Every structure is written in structure tokens, then in C-alpha cells.
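Worksheet: one structure, shown below.
The values are calculated or read from the model by the stated rules, or taken from the named source; none is laboratory data. Computed from a predicted model, the values in this text were never measured in an experiment. Glycine gets a Cβ as well: all are built from the backbone with ideal geometry, and neighbour counts include every protein chain shown. Ligands, DNA and RNA are excluded from the accessible area calculation, which covers all protein heavy atoms including side chains. Shrake-Rupley method; radii C 1.70, N 1.55, O 1.52, S 1.80 Å.
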Amino acid sequence: LEAHERRLQRLEPRAHVPEPEALHDLLWRLGDLSRAELQERVELSPGELASALDALVTSRRAVEVRVAGQPRFIAVEDAERYRDALGVVPPPGTPARFGEPSADPLGELVRRFARTHGPFRADEVAARFGTGATAIEGVLARLAARDALVLGAFRPGSSGVEACDPDVLRALKRQALSRLRKSVEPVSPAAWTRFLAEWHALLRPRDGLDGVLDAVERLQGVPLPASDLEAFILPARVRGFTAGMLDALCVAGEVCWQGISSVGDADGRVALYLVDHAPLLASPAPPLEGPVVERVRAALHRRGALRFDELLREVGGFPPEVEAALWKLTWNGEVTNDTLTPLRSKLRAKSAPAGRRRRDGAGFTSRRSFSPGTEGRWSLFPAPAGDETARRTAQATQVLERDGVVVREAVEAFGALYPVLKALEESGRARRGYFVEGLGAAQFAFSGTEERLRAFRDEPEEAPAFLLASTDPANPWGAALPWPKRELARPMRAAGTCVVLHRGELRAWLSRKGRALTLFLPEDSARRSEALSSVASCLAEAVDAGRLQPLHLEEIDGEPASHSLLVPALLEERFTASPSGFIRRRAQPPPTPSASTESGEEEPEDGGDGDDGGDWDA
């Protein structure tokens, strides 16, 4: 505030008037100034300034008057305005009129004061002009009604109503935001990766349906492979996750899903939403055309949610063509289902033996005669709500909630959200800065998030490695951060592939079906040994937890697995050598003996005669 006001008042040395001829322009721009105030704004000695002022007065380009009881100089063009507004008497011989008479002379003086000052109060203007504060308050209210001034509280610790010129206020906001951006020291990509793990609750997973709701709320709108969603992405955030949890929330009307695009014959990208948020966050797609598609859409619009057999009776035709039209509408985002069972059925259809009943991820065994992917009730996806601005604002806010720090490289359609993110910054709801080094300058975060980000600058002494789907939004590698360069290795953010992260660094990439592994090891030998151990233990723990199917590593870094530096660490984690590589199956937990068995005592059949009714062990 102070720095900008000094610039407006021409008090900075670089803005000083260098020659006498510019004195008239200074008076015209700033208004009445005393001799001492003029001396602060010129590069002239006191003698040179006195001569220059005498020359201006003699040539009738400036006049000396008394304002608020003090002698000041004004440009001759302002003489009539000061006379009508403040009752200032110009010296004899002053020209009577310059241009058209002013309808609001006091208002014009106040507007110029506002353009050349920061936020101010009515009493400050009244003291400057030697008039009553009540008259100035009326002028401020009149100018604010015409949007010529903005009223509010702008200075820290201010009391009472302040006024500010709109252009001055915009300039102050730009400068304040620029200073805030420069004050943020960027963190390394590794620190950002550690922050993302904490931001997405990967290190402290939640439990139960509330945990699933929290995960969905953070992941809203991001396209995720259906095959990774329940296999990797949600289990990483919810302890003990099962497919039935997500179905329960869908049936309860808490969560809905939208198809984004198909990937192959069975898989596709889907987005999850809280039902109340879907109309604002989901992007409507252009409706598909075609006779069967239009009949399916019309039937769902007319009847609401329908099972496939009900839909078939409404639409008519052959089941395969109705099913194909239904899935076209689903992948176009127009149709959804009350559970994710159809998605699971399509994913499992290829591997299910012919003639056997189909069991989905929630444990349900189907006895229906229709093909996999037609289960549940189908309905139209919620229609969009609000105008385009409201939807863009909601989407930009959701991206900030999801990523913590938004960078161009990690967000689809960033260009469409950028104006909204910039508006959120200007309104004080978000900040822009250079938060993560090595990425673009257009980075945004909620105020306060950068403090949490800086807390991850120092590497922790102990940190477990963890496995993520390559497509997980918490994995920046292959999206915002480029894959580390390796010869003969081409990792991808593809469905079914995984990464191992340790201390914020990428340590390994696992191919689909777990046959090939690519390592990314540090140069330091001590850290390399730690990295190898962390990769092997992370893979073993993922298999034991059921997040990975039994592994059969055949290739590591483009070579046979038996040639890799990882072999000792694999053997330590109970990988078994085979002619083609190394195999790791899920370990069976040993039975837990009871306390009485360990002590050699016979366990009573009725639970014992203790005071608490006996203790029972698994």
C-alpha cells in the first residue's frame, strides 16, 4: 500500500520531475501542492524550484491559493473548480473560465484524490481540502453508487469505511499477489510427491463407508480406468476396501459414476461423483445419434431407472443391439447404473469359463440369462445445473481440492480452467506461485496449502515404500513429472500398471500382469541398497495384502530377472526362483495360538470361570 501510494504521488526518485517545464503537468495530475510538497517531487534545488514557480505564475499557467489555511499551488485550469468546490479565491487576473462549467466540482477533486492515493477515509480528504467530513461522505457515497469508487476496509487494522479508486485497487491486488508468489520458495518434485501421498491419505487410509466417501469426494471428476478403480486406487485410500462398499453408496444415492470413454472391448475410463455435486462437476457430452440409441434414451427419459429386461421391452429389437446402444450412451456420459456391477462383469467376462455362473467383485453370483454388463438398473446421468461460469468455478475448485497444487501438466483442459483459477486468485480464494520447481509457472493452490507443502521439504528419516496404480492421481510420474530416462524401458500410465514410490522418488514401474519390472535407482550405493530392499518388500506386501495377484517376474530392466541387482532382495522377501524368473505367492498367515495353549493349560469348554466370563482367542 505504502509503496504504491508513493508511486502514485510521484515520490519515488525515478518519478521526480527533472525540469521546470514539467511542473505544470505535475500540478495538473496531483492537484494542489505546497512548496515543500513540490520540493519532494522534483530534481531541482530550492532556488531552481522558486524560479520555476515564479515563471509559472507570471505566465498564468499556475496560481497560488490558500487551501485548508495553507498556501498551495494549483494549475490555472483548476482555479474555477477549487473556487466552486471549496470557496478558494483565486488571485486577481486569473482567467475566469477554462472549458465547460463543472456540474460536480467537489466530486471531481475527490476523484482525483482517489486516483493519486491508496485507500482513504472521508476525514482524511476533509482535512486535506479544509471542508466538513459530512460533505465528503456524501460525495463518496454518490461516487460509489456510480461505481467510480469502491467502499470497504482495505488497510490492515483499518477502522471505519474506506474508499479506493477501482483502478488503484486492481493494481494493489496485482502487486500484492505478485509479492506473495515471489515469497514462496519452490519445493523439489520429491517433496511434492511426498505431499501428494499425504494429501490423498495414502499413508493413513480411512476405514469403512466414510472412508470411501472421503476418497470419492477428493477424486470427483478425474477419469480413472475402471480396472484400476477397485483394484488399486480405492484400496490405497480405504483400509479393507471391498466392492460392496462402493455399491452400497451408489444404491443409497450418495455416489454416482459416469462413463468418460471406452478403452478396448471391456475396460474404460469412469469418473465418480457425490450425487449432489455431479450436476456442477460433470461435463455434458454432445448427445449421440442413431435409431436404437435414441429409443434407449427416450425410454429412460420416459420411465426413469430400468432393468435391462424392462428396457428391452420398452425399446424392442435384439438384446445385443440394445446392449451395444446402452454402452455407447454409457461411455458417452449420458447413462449410468445404480451399481458398478456391469463394469465388473464386462472386465471379468473374458476370463470367466463358459457355462459358469458369473460372480462379481461384491460376491454376487448372477443367475440371469443376459450377457455380462447388463446387470442393475440403468438411468440417465444427472443433467447439468447452473450456467457455464458456475460449472467452471466448481470444476476449478474441485481440481484444487483434488491435487492440492494444480499444475498445467497434470490437468486435462487446463486452458479452460485457467481464467477461473486466475479469478479465484484475484478474489483471494486461491494463490498462484512457483510452488514446485521444474514445472510451469502457472501453479495454483488454496491459501495455506503452500505451508503444508513446505512441511515436506525435508526428507523423513523413516518412510515406507508404497504401491500405486500408474494412473492414480497421487502419482505425478508420467503426467506432471516426466518418466526418468532409461534405456530399453518405456513406462506408461496404462491401466493395470503400477509404480513403487519411496521417499517421494520413483523406484520401480511394474507392467500389466506383473511380468516386467523397471527399476529407477539412485547413484549413491547406500541409498541404492535401501531402494532395492524397499522395492522387494513393497511388492511382497502388496501380494500378501491381495492388492497384487501372485507375481511372476520374468524380466527386470529389459533383461532376464536372474541377472538383476534385485535378486538378493527378492530372495529375502520369499520370492522363489523358477526357470523363467521369480515367483511370489500370497503368504498364509500362521494360526494364532491361544494363551492357555501356550501355557500348557487345558482350555475350558464353557469359556472358563474367570471374573470376566473367560477370554476367547482366534
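Rounded to two decimals, what is the ratio between the C-alpha radius of gyration of segment 9-77 and 2.2 N^0.38 Å? It is 1.00. Cα-based values for segment 197-250, radius of gyration first and Dmax second, are 10.1, 27 Å. Pairs of lysine residues in the chain that meet both criteria, 8 or more places apart or on different chains and Cα atoms under 25 Å apart, total 8.
With the biggest extent put first, the Cα atoms of segment 434-512 measure 39, 32, 22 Å across the principal axes. Using only alpha-carbon positions in segment 490-575, the gyration tensor eigenvalues give semi-axes of 18, 15, 14 Å once each is multiplied by 5 and square-rooted (largest first). Label-to-label distance for Ser102 and Ala463 is 6.4 nm, based on points extended 7 Å past Cα in the beta-carbon direction. Taken over segment 423-560, the alpha-carbon convex hull comes to 140 cubic angstrom per residue.
Highest-first packing order for the peptide set 401-411, 457-467 is 401-411, 457-467, based on the mean count of other beta carbon atoms within 10 Å. Largest first, the extents of the alpha carbon coordinates of segment 265-340 on the three principal axes equal 35, 28, 24 Å. Please give, to one decimal in nm, the separation of the simple spin-label points placed at Ser283 and Glu64, each 7 Å out from Cα toward the Cβ. Computed distance between label sites Ser283 and Glu64 equals 6.9 nm. Summary of the geometry: segment 204-272 and segment 126-164, compared by the centres of their Cα atoms, lie 54 Å apart. Normalised radius of gyration (Cα atoms, divided by 2.2 N^0.38 Å) for segment 114-188: 1.37. Per-residue accessible area (protein heavy atoms, 1.4 Å probe) orders Val275, Val222 as Val275, Val222, starting from the largest. Can you pull the percent of Cα pairs in segment 159-223 with separation above 19 Å? Above the 19 Å cut-off, segment 159-223 has 63 percent of its Cα pairs. Only helices enter this figure: runs of n ≥ 4 DSSP H residues, each worth -39500 (n - 2.57), summed and divided by the residues of the chain, yield -11500 deg cm²/dmol at 222 nm to the nearest 500.
The residues of the chain expose on average 50 square angstrom of accessible surface per residue, using a 1.4 Å probe on protein heavy atoms.
Return the FRET efficiency for the residue pair Thr576, Ser529: r is the Cβ-Cβ distance, R0 is 25 Å, and the value is rounded to the nearest 0.05. With R0 = 25 Å, the Cβ-Cβ based efficiency is 0.65. With a 1.4 Å probe rolled over the protein heavy atoms of all chains, the accessible area of Lys513, Lys485, Lys173, Lys328 falls in the order Lys485, Lys513, Lys328, Lys173, largest first. Building the convex hull from the alpha-carbon atoms of the chain and averaging its projection over directions returns 47.1 nm². For segment 37-160, the share of alpha carbon pairs falling in successive 10 Å distance bins from zero is 11, 37, 33, 16, 3 percent.
Quarter the surface of the alpha carbon convex hull of segment 388-478 and you get the mean projected area, 6.8 square nanometres.
For segment 78-91, putting each phi into the Karplus relation 6.51 cos²θ - 1.76 cosθ + 1.60 with θ = phi - 60° gives couplings of 8, 4, 5, 5, 5, 5, 6, 8, 10, x, 6, 8, x, x Hz, in residue order, rounded to whole numbers and with x for Gly and Pro.
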